[in-house]
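> The structure's right below; bear with me while I get my questions together.
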Amino acid sequence: MLTEQDGTVLFERTRELAVIRRCLDGARDGRGELVTVSGPFGSGRSALLGELARRTSPSEALVLRAEGARSEGDVPFGVARRALHGLHPGAAPPAGATEESEALRLRDVLLGLADAMPVLLLIDDLRWVDADSLRWLSLIGEKLADAPVVIVAVAPHSADSAAHSPLLKEFLAAATERVALRPLSPDGMSAMAGEFLGEPESALIRACAEVSGGRPLFLAALLQELRRTQWPPRPDDVRALRPAAIGTQAVRALAELPRAEREIATALAVVGPRTDSGLLFTMAELTAEDGTAALGALKSVGLLDSGPVPRFAHDAIGEAVAHSLDTAAMPWHARAAQTLHAAGRPPEEVAGHVLAAGDPPGGWQIEVLREAARTALANKNPDLARKYLLRALLGSPHRSGGRAELLVDLAGAELASDPVSSLRRLMQALPGLATPARRARELVRIPVLACELPPSGLTTQLADAAAGLGDPALLEGSARETALALDARLRVTHLRHVRWFTETVRAFRLEGTPGDVGSAPARDRAAVLSYAGMLAGKDSGAVAALARHVVLAEPPTAEDLRTAVPLAVRAMLAADLFDQVDIWLASMAMATLRANGGGKPDTLIADAERAFALARRGRHTDAALMAARTLERADAEFAPVTGRCCEALALVIAGGDPPAAAGDALARYRAQDNALLAPWLGHVVDGMLALLAGDTAVALDHILEAGREHELMGWANPAVLPWRSWAAQLQYRLGRQDLAHDLIAREYEQAVVWGAPSVVGRTLRVWTDVTKGEKGIELALRAVDGLDVSTDRVAMVKAHLLLGVQLFAPSHATTAEHLPRNEQLPQSTETERAGDRPDSRRTVAVDAALTPSERRVALLVAAGKSNQNIATELRISLRAVEKHLTKVYRKLGVAGRTQLMEIVPPIGRGNGNGMAV
C-alpha cells in the first residue's frame with residue numbers, strides 16, 4: 001500500500017514503481033531510460049506519475065512534469081515549455097529560429113540541466129503532446145544512452161488513432177521499459193476496502209470488485225461514497241451508487257478523444273446499452289467501419305466495458321455523459337426517437353426520447369406516446385402514462401377524434417390519482433367520441449360518487465346514453481349491464497331534483513326487496529335505490545335490508561369506492577347498523593392501504609366516510625381530527641371527500657364544545673375559491689362557522705335555509721341532516737320556545753317514521769334540552785327507553801346523563817322512582833379507539849351504574865370545572881373527587897376528561913358556541 005501526501009491511496013503498484021526506480025538509479029550512473037505507462041481509464045496512470053514525483057527527493061533528481069491537453073495540441077512546443085517552465089534556460093526562442101533549431105535548443109537546455117543532476121521527466125499523456133514537443137522528446141531520446149534523463153510517459157491506447165502517427169510510433173518503439181497497469185487483485189481490493197471501511201464483509205468486497213472491475217479510480221470513488229452516505233454499507237448499496245468522481249473524470253477523458261468516439265459515447269449515453277451497434281452508428285451518423293473503430297477505441301481507453309454489448313465501464317459514466325449534454329440533449333433524443341422508431345423498437349422504448357426531445361409531437365410520435373401510455377397503465381404506472389399522454393395532447397389538433405381518444409386515455413390514467421382532473425378530461429372528450437356506444441362505454445367508468453355534484457353537461461350525457469340503450473329490464477348481456485350502470489349514475493345526478501328523486505324512491509318501493517346483485521352494475525343500482533329510500537326517510541327496515549344485501553354481496557375492495565356501494569353503507573349507518581358499518585369501514589381502510597399505501601384519493605374517500613361515522617357515533621374528537629386531516633389533503637373540488645368531511649365537522653360543531661381543529665378546518669376550506677359544496681351543505685357550513693363566531697341569529701338563518709333546500713329536494717330523513725333539531729336549539733337560545741317546540745316536534749315525527757332508535761333517541765334528547773319541568777323529565781325518560789334498545793352506546797350514555805341533569809335535585813318527586821332505571825345501564829360498552837387496528841375492539845365492563853355522587857362529578861367535569869372547583873362546590877375532599885372520576889371513567893368506558901366531555905350533554909356547561917346534538 002502506498003499513500004500520497006494528498007491522501008490518495010495506491011495499492012499493488014510496488015512492482016511498477018520499482019521498475020522506474022531502477023531506471024532512476026541507472027541515471028545516476030549516466031544512463032537514461034524511456035519508460036511508457038499504459039492502462040485503461042481509471043487504472044491509476046496519473047496517480048502513478050504523481051507518486052513518482054512525491055517519492056523522488058530533490059537530492060536524487062530534478063523532477064519536471066507536463067500534461068498534454070487537446071486544446072493546446074496546436075501550440076508549438078507547448079508541452080516542452082510547460083516542462084521547463086520557470087527555468088531560465090527555457091526562455092523564449094531567439095528571433096528567426098526554425099522549428100528544428102528550437103527543438104534542438106530546448107533539448108540542449110534539458111541536457112544541460114542533466115549535467116548538474118539526473119532529470120526525471122514525467123509526461124501525461126503522449127496522446128495530446130504537440131508535434132514540436134514530440135520532436136523535442138525524440139531528440140532527447142536519441143541521447144539517453146549517454147544522458148542521465150529518465151522519461152516516464154503515459155502512452156495512448158493501441159486502438160487510439162493517435163498512437164499510429166509515425167513520429168509517435170517511432171518514439172514509443174524506443175522505450176526501454178514498458179509498464180502496464182493491471183486491475184487490482186482480490187487481495188488488493190480487499191485491502192483497499194479495509195482502508196476505507198474497516199473490516200467489510202466478503203459479500204461487500206465481492207460487490208465492489210464486480211462493479212469496479214478492479215480499477216483503482218472506480219473502487220476508491222465507490223468506497224468514499226459508501227463511507228459518506230451508506231452506513232453500514234451493504235452489497236446492494238454498491239451497485240446503486242453513481243459516484244460523481246468517476247463521471248467527472250470520464251467526461252474529461254472523453255473530451256480528449258476524436259469526434260467519432262465522442263459521438264458514439266453520446267449516442268450510447270442517450271439510448272443505453274445496445275445489442276445492435278448499428279443503431280449507435282446511425283445515431284452518431286457514422287459508417288459501420290468508422291463506428292466499429294470508435295467503439296474499439298472507447299474499449300481500449302477503458303470508457304466502455306470490454307464485452308460484446310456496448311456499455312459503459314460504469315453506469316456513472318453514462319449518466320455523466322448524458323448530463324454534460326445540457327441543451328444539446330434534446331436534438332440527440334429526437335435523433336434517438338427517430339432511429340429507434342425506424343428500427344421497429346417497442347413504443348415504450350421510443351416514448352421516453354419523444355418526451356425528452358422537447359418539441360410538440362406529431363404523426364407517428366403521438367401514436368407512439370399513446371401506445372406507450374397503455375403499456376405503462378398495464379404495468380401499473382399511471383404517472384408515466386399521464387406524462388406520455390399530456391405530451392401527446394400538445395401535438396394533437398383540437399376538435400379531432402384522435403384528441404378525444406387521447407383525453408379518454410388520460411382520464412383513465414388520472415382516475416386513481418386525480419379524479420377531479422380525470423372527470424374534467426372525460427367531459428372534454430365525450431363530444432368528440434365517434435358513436436353513442438363509445439360514449440356510453442366511457443360514461444360508466446365515472447365513479448358513482450362523482451355524480452352527486454355532477455359537472456355541467458354530465459347529466460345530459462348520461463340521459464342521452466341511457467335513452468339510446470333503453471330500459472335495462474328489456475336488455476340482455478353487456479347491453480343490460482351498461483344500461484344498469486348508466487341508470488345508477490343518472491339517478492345519483494338526479495337525487496337533488498325532487499321529481500326525479502321521487503321517481504327513484506318509487507322504484508325503491510317497487511324493487512327494494514333484496515334480489516340479484518351478482519354484477520357490479522346491479523349492485524350499483526340497488527345501492528342507489530337503498531340510498532334514495534334512506535334520504536326519503538321512510539321504512540328503515542327495508543332500506544337496511546337492501547343496503548346490507550348490497551354491501552355483503554362481495555368482500556370490500558378499494559374499487560368499491562368508485563361504485564355506489566358507499567351509498568349503501570351510508571344508508572346502513574342511518575339505519576343504526578353501526579357494527580356492520582364499522583366492520584366495512586375497517587375492511588375498506590385495510591383494502592385501500594394494501595392497494596395504494598394510504599396516499600391516493602380512494603384512501604381519502606374511505607377516511608371521509610370513517611370521519612362521518614365517528615361523528616355520527618358521538619366520537620367528536622376522533623372525528624374532527626380525521627375529517628380535518630382528510631380535508632387538508634383533498635383537492636378542494638373533490639366533492640365526495642370534501643362534502644363528507646364538512647358534514648362530519650358540522651356534526652362535531654353542533655355537538656357543542658368542538659375541538660379547535662373542527663372550526664379551523666371548516667373555515668380554511670370555506671375560504672378556498674374553488675371549494676365545491678352542495679348548496680344545502682354550504683349553508684350548513686356557514687351556519688356552523690357563524691355558531692362558532694357566536695352569531696346565533698345568522699347561524700339559525702343558514703340552518704333554516706339548509707332545511708328548506710332539503711325539503712325542496714324531498715329529503716326528509718333527520719338522520720341525514722337534523723336541521724330541525726339544530727334550529728330548535730338555536731330558537732330556544734334566542735328565547736323563542738314555541739318555535740323551538742314546533743321544530744323539534746316535527747323532527748320527532750320524521751324520526752319515528754324513519755324508525756332508527758338512535759335518531760328517535762337523539763331527537764328526544766334535543767326536545768328534552770329545550771323543555772323544562774315535568775315534561776322535560778318525561779321526554780328524557782322516553783329518550784332513555786328508546787336508546788336502551790339502540791346499538792348506539794354513546795347516545796345511550798348521553799341520554800342517561802341528560803336524565804341525570806333533569807333529576808339532579810335529590811328531592812325531586814320522581815328521582816327515587818327513576819334511579820333504578822339508571823342502575824340498569826348496559827353491563828358493557830364497545831368503543832373502537834382511533835389509532836387501533838381496524839379490526840380491534842375494546843370492551844369495557846360497567847359493573848354498576850353511576851351513583852348520584854358520581855353523576856354529579858361527571859356533570860361538573862362536563863361543565864368545565866377543575867377537580868379542585870368540584871371539591872369546593874360539593875364540599876368533599878379532592879381525593880374523593882379523584883376516586884369518583886376513576887369509577888366514572890371505568891363504568892362509561894372512557895379514557896379521561898376529554899372523552900367524558902364528548903359524551904356528557906353540554907347542559908350547564910355554558911356552551912355558547914355549540915348545540916347538544
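The values are calculated or read from the model by the stated rules, or taken from the named source; none is laboratory data. Keep in mind it's a predicted model, so treat the numbers as computed, not measured. When we count neighbours, we look across all protein chains shown, and the Cβ atoms used for this are built from the backbone with ideal geometry, even at glycine.
> Considering only the range 293-339, how many residues are farther than 24 Å from Q249 by Cα and of a type in the set (S, T, Y)?
Of the residues in the range 293-339, 1 are farther than 24 Å from Q249 by Cα and of a type in the set (S, T, Y).
> Could I ask something else about it? Here's a check for you: in the range 396-427, which residue that is more than 20 Å from E367 (Cβ to Cβ) and without any contact (Cβ under 8 Å) to a residue 24 or more places away in the chain is surrounded by the most Cβ atoms within 10 Å (Cβ to Cβ)?
Once the filter is applied, the top-ranked residue is L426.
> Here is a further query. Take the range 624-634 and flag every residue that is in a helix (DSSP H, G or I) and touching a Pro at 6+ places or on another chain (Cβ under 9 Å). Lay out the reasoning, then the answer.
Just the residues of the range 624-634 that are in a helix (DSSP H, G or I), to begin with: 624-633.
Within the range 624-634, A624, L625, A628 meet the criteria.
> Also, I was wondering about something else. Scan the helices (runs of 4 or more DSSP H) fully inside the range 526-613 and keep the ones with 1 or more residues being of a type in the set (S, T, Y).
Counting at least 1 such residues, we get 540-551, 578-596.
> Could you check, for the range 267-284, whether at least one of its residues is out of contact with any Lys or Arg (no Cβ under 8 Å at 6 or more places or on another chain), among the polar types (S, T, N, Q) and over 28 Å from L369 (Cα atoms)?
Checked the range 267-284: no residue is out of contact with any Lys or Arg (no Cβ under 8 Å at 6 or more places or on another chain), among the polar types (S, T, N, Q) and over 28 Å from L369 (Cα atoms).
> Do any helices (runs of 4 or more DSSP H) lying entirely in the range 832-917 carry at least 2 residues that are modelled with pLDDT of 80 or more, of a type in the set (K, R) and farther than 29 Å from T771 by Cα, and which ones are they?
878-892
> Could you tell me how many of the residues in the range 211-244 are more than 16 Å from P183 (Cβ to Cβ) and part of a helix (DSSP H, G or I)?
The number of residues fulfilling the criteria is 13.
> Could you list all residues from the range 484-514 that are closer than 17 Å to L474 by Cβ and more than 40 Å from the chain's Cα centre (by Cα)?
Those that are closer than 17 Å to L474 by Cβ and more than 40 Å from the chain's Cα centre (by Cα): A507, L510, E511.
> Only one of L426, L510 is at pLDDT 95 or above and either touching a helix residue (DSSP H, G or I) at 6+ places or on another chain (Cβ under 6 Å) or assigned to a helix (DSSP H, G or I) (or both); which?
Sole residue among the options that is at pLDDT 95 or above and either touching a helix residue (DSSP H, G or I) at 6+ places or on another chain (Cβ under 6 Å) or assigned to a helix (DSSP H, G or I) (or both): L426.
> Going by what's in this entry, would A269 be described as surrounded by 14 or more Cβ atoms within 10 Å (Cβ to Cβ) and over 20 Å from M192 (Cα atoms)? Quick ask: steps written out before the conclusion?
Details: surrounded by 14 or more Cβ atoms within 10 Å (Cβ to Cβ): yes; over 20 Å from M192 (Cα atoms): yes.
Considered against the rule, which asks whether it is surrounded by 14 or more Cβ atoms within 10 Å (Cβ to Cβ) and over 20 Å from M192 (Cα atoms), A269 comes out as yes.
> Which count do you get for residues in the range 438-460 that are touching a residue at least 24 places away in the same chain (Cβ under 8 Å) and more than 25 Å from I605 (Cα to Cα)?
Of the residues in that region, 2 qualify.
> Every residue in the range 11-28 that is buried (at least 18 other Cβ atoms within 10 Å of the Cβ) and part of a helix (DSSP H, G or I), please.
E16, I20, C23, L24, A27
> Right, something else. Only one of R31, R45, R70, R65 is among the basic types (K, R) and crowded, with 19+ Cβ neighbours inside 10 Å. Can you tell me which?
Among R31, R45, R70, R65, only R45 is among the basic types (K, R) and crowded, with 19+ Cβ neighbours inside 10 Å.
> Which members of the range 320-337 meet the condition of being surrounded by 17 or more Cβ atoms within 10 Å (Cβ to Cβ) and touching a residue at least 40 places away in the same chain (Cβ under 8 Å)? Steps first, answer last, please.
Narrowing the range 320-337 to residues surrounded by 17 or more Cβ atoms within 10 Å (Cβ to Cβ): 320-322, 324, 329, 332-337.
A320, V321, A322, S324, A329, W332, H333, R335, A336 - these are the residues of the range 320-337 that are surrounded by 17 or more Cβ atoms within 10 Å (Cβ to Cβ) and touching a residue at least 40 places away in the same chain (Cβ under 8 Å).
> Another question, then. Return the residues of the range 758-783 that are touching a Gly at 6+ places or on another chain (Cβ under 8 Å) and modelled with pLDDT under 75; say none if nothing qualifies.
Once the filter is applied, which keeps residues that are touching a Gly at 6+ places or on another chain (Cβ under 8 Å) and modelled with pLDDT under 75, the range 758-783 yields only A783.
> Tell me, which residue of the range 459-497 that is part of a loop (DSSP other than H, G, I, E, B) and in contact with a helix residue (DSSP H, G or I) (Cβ under 6 Å, 6 or more places away or on another chain) is surrounded by the fewest Cβ atoms within 10 Å (Cβ to Cβ)? Talk me through it step by step, then tell me what you get.
Within the range 459-497, the subset part of a loop (DSSP other than H, G, I, E, B) is 470-471, 475-476, 494-497.
Imposing the further condition that a residue be in contact with a helix residue (DSSP H, G or I) (Cβ under 6 Å, 6 or more places away or on another chain) reduces the set to 475, 494-496.
Working: L475: 15, H494: 22, L495: 22, R496: 21.
Looking at residues that are part of a loop (DSSP other than H, G, I, E, B) and in contact with a helix residue (DSSP H, G or I) (Cβ under 6 Å, 6 or more places away or on another chain), I get L475.
> All but one of (1) touching a residue at least 60 places away in the same chain (Cβ under 8 Å); (2) assigned to a helix (DSSP H, G or I) hold for P183; state the number of the condition that does not hold.
(2)
> Still on this structure, please answer the following. Answer yes or no as to whether S212 is crowded, with 20+ Cβ neighbours inside 10 Å, of a type in the set (S, T, Y), outside the structural domain of G42 (by TED's automatic domain parsing) and more than 30 Å from L144 (Cβ to Cβ).
Against the criterion (crowded, with 20+ Cβ neighbours inside 10 Å, of a type in the set (S, T, Y), outside the structural domain of G42 (by TED's automatic domain parsing) and more than 30 Å from L144 (Cβ to Cβ)), S212 qualifies.
For every residue, the table says whether it meets (1) among the polar types (S, T, N, Q); (2) modelled with pLDDT of 95 or more; (3) assigned to a helix (DSSP H, G or I).
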| site | (1), (2), (3) |
| --- | --- |
| H85 | no, no, no |
| A92 | no, no, no |
| D108 | no, no, yes |
| L121 | no, yes, no |
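> Go through the residues of the range 692-714 one by one and say whether even a single one is in contact with a Lys or Arg (Cβ under 9 Å, 6 or more places away or on another chain) and within 12 Å of W767 (Cα to Cα).
Within the range 692-714 (the criterion being in contact with a Lys or Arg (Cβ under 9 Å, 6 or more places away or on another chain) and within 12 Å of W767 (Cα to Cα)), the answer is no, since none of the residues qualifies.
> Considering (1) more than 20 Å from V759 (Cβ to Cβ); (2) surrounded by fewer than 24 Cβ atoms within 10 Å (Cβ to Cβ), say which one L561 fails and leave the rest.
(2)
> One residue is enough: does the range 735-756 have a residue meeting the conditions part of a helix (DSSP H, G or I), under 43 Å from the mean Cα position of the chain (by Cα) and crowded, with 23+ Cβ neighbours inside 10 Å?
No; the residues of the range 735-756 include none that is part of a helix (DSSP H, G or I), under 43 Å from the mean Cα position of the chain (by Cα) and crowded, with 23+ Cβ neighbours inside 10 Å.
> With the requirement that a residue be over 15 Å from S866 (Cβ atoms) and touching a helix residue (DSSP H, G or I) at 6+ places or on another chain (Cβ under 9 Å), what does the range 884-899 give you?
Passing the criteria: K887, V888, Y889, K891, L892, G893, V894, A895, Q899.
> When the residues of the range 280-308 are filtered to those that are modelled with pLDDT of 90 or more and β-branched (V, I, T), which remaining residue is nearest to A267 (Cα to Cα)?
Top of the filtered list is T282.
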